[in-house]
Amino acid sequence: MSSTDFTIDQTDIEKLNDKDKTELRQFFANEEHRSRIQSQTHELTGICWKKCVTSGTFRSGALDKSEQGCLANCVDRFMDANLATMKHLASMRQQQ
Amino acid sequence: MDSDSVKKAIIKQALQATNTANARTLIENINEKCFERCVPKPGSSLSSGEKTCLTSCMEKYMAAWNEVNATYIRRIQQEIGNQNLS
């Protein structure tokens, strides 16, 4: 156990000065953003794996060029499709 | 404990928690996808071919994750850039 491994309790929290509180708020905002990107990456990897990595057996653990290109296209087209859906949804709402 | 060490401890614990959660999700997904692909008809034990397939599949899935992550981040930054222009 290193010196920073300990349970943080209320009395420790009260020791935080304003500067460190601001820094922590920023840190957690960044972490929330990072975590959202990571969970979206998990989702997209699942979707694009199905479409792009189709060879039955795996001779090597590396991606080949075509798989790599397919994965990049898959992510970009998924985002395009997402945007197209949102756009169409907006126009449907305007027609109502 | 002063303010700085409390802050550092909080950051350390939070990073550990999110990194563990991320690794756990990745491993769960790898198990699911690679089992599906490498063990189509489960026998009485894993064959050496199935084992080789599983390790290659795992490495490949991680490479795919990194590729998807890099592309996704690039795309998000691009969208933010477009928003700022319009």
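Looking at region B:3-85, how many pairs of lysines come closer than 29 Å at the Cα, when each pair is eight or more places apart or spans two chains?
Numbers: B:Lys33/B:Lys41; B:Lys33/B:Lys51; B:Lys33/B:Lys60; B:Lys41/B:Lys51; B:Lys41/B:Lys60; B:Lys51/B:Lys60.
Within region B:3-85, the lysine pair count is 6.
Can you tell me the length gained on complete extension of the stretch B:Asp2 to B:Asn22, counting 0.36 nm per residue apart and subtracting the Cα distance? Intermediate results must be reported in sequence, preceding the final value.
On the way: separation 20, 0.36 × 20 = 7.20 nm, distance 3.06 nm.
Between B:Asp2 and B:Asn22, full extension yields an extra 4.1 nm.
Be a star and scan region A:54-71 for residues whose amide nitrogen sits under 18 Å from the point 7 Å along the Cα-to-Cβ vector of B:Val39.
Under 18 Å, as judged by backbone N against the label point of B:Val39, lie A:57-58 of region A:54-71.
Subtract the Cα-Cα distance of A:Gln40 and A:Phe27 from 0.36 nm times their separation in residues, and report this length gain in nm to one decimal.
Numbers: separation 13, 0.36 × 13 = 4.68 nm, distance 2.01 nm.
Contour length minus Cα-Cα distance gives 2.7 nm.
Looking at the square roots a ≥ b ≥ c of the eigenvalues of the Cα gyration tensor of region A:48-96, which shape do they give, rounded for a/c under 1.5, prolate if a/b is larger than b/c, or oblate?
Working: a/c = 7.14, a/b = 3.83, b/c = 1.86.
Prolate, since a/c reaches 1.5 and a/b exceeds b/c.
Based on the alpha-carbon gyration tensor of chain A and its eigenvalue square roots a ≥ b ≥ c, which shape applies: rounded if a/c is under 1.5, prolate if not and a/b is larger than b/c, or oblate? Please list the in-between numbers first.
On the way: a/c = 4.13, a/b = 1.50, b/c = 2.75.
Oblate.
Report the equivalent ellipsoid semi-axes for region B:3-85 in whole Å, largest first, defined as the square roots of five times the eigenvalues of the gyration tensor built from alpha carbon atoms. Intermediate results must be reported in sequence, preceding the final value.
Values: eigenvalues 253, 104, 15 Å².
Listed largest to smallest, the semi-axes of region B:3-85 are 36, 23, 9 Å.
What is the percent of Cα-Cα separations in the protein assembly as shown that go past 20 Å?
Numbers: 11020 of 16471 pairs.
The answer is 67 percent, as a whole percent.
When a/c reaches 1.5 or more, the comparison of a/b and b/c decides; with that in mind, is region A:10-57 rounded, prolate or oblate per its Cα gyration tensor? Write down the numbers at each step before the final one.
On the way: a/c = 6.96, a/b = 4.27, b/c = 1.63.
Since a/c reaches 1.5 and a/b is larger than b/c, the shape of region A:10-57 is classed as prolate.
Using a 10 Å cut-off around each Cβ, can you sort B:Tyr72, B:Tyr61 from fewest to most neighbouring Cβ atoms? All intermediate terms of the calculation are to be shown ahead of the outcome.
Values: B:Tyr72 22, B:Tyr61 26.
Final ranking by Cβ density, sparse to dense: B:Tyr72, B:Tyr61.
Describe numerically, in nm with one decimal, the distance between label points set 7 Å from Cα along Cα→Cβ at B:Thr52 and at B:Asn84.
Between B:Thr52 and B:Asn84, the label points sit 5.0 nm apart.
Local charge sum around A:Phe58 (other residues, Cβ-Cβ under 13 Å, Lys/Arg +1, Asp/Glu -1)? Present the calculation step by step, with values, prior to reporting the outcome.
Details: positive: A:Arg59, B:Lys33, B:Arg37, B:Lys51, B:Lys60; negative: A:Asp64, A:Glu67, B:Glu36, B:Glu50, B:Glu59.
Taking every other residue near A:Phe58 into account, the sum is 0.
Tell me the label-point distance for the pair A:Asp9, A:Ser66, using the 7 Å Cα-to-Cβ offset, in nm and rounded to one decimal.
6.3
Under a Cβ-only charge scheme (Lys and Arg +1, Asp and Glu -1), can you give me the dipole magnitude of the protein assembly as shown about the Cα centre, in debye to the nearest 20? Could the numbers behind the result be given before it?
Values: 24 positive and 23 negative charges, 154 e Å.
Once rounded to the nearest 20, the dipole reads 740 debye.
Please turn the phi angles of region A:29-40 into ³J(HN,Hα) values with the Karplus equation 6.51 cos²θ - 1.76 cosθ + 1.60 (θ = phi - 60°), one per residue in order, whole Hz, x for glycine and proline.
So the Karplus estimates, Gly and Pro as x, are 5, 5, 5, 5, 5, 4, 5, 5, 5, 5, 6, 5 Hz.
Computed from the coordinates by the stated procedures, all read-outs in this text should not be read as laboratory data. This is a predicted model, so every value here is computed, not measured. Cβ sites come from the backbone with ideal geometry, for glycine too, and all protein chains shown count toward neighbours.
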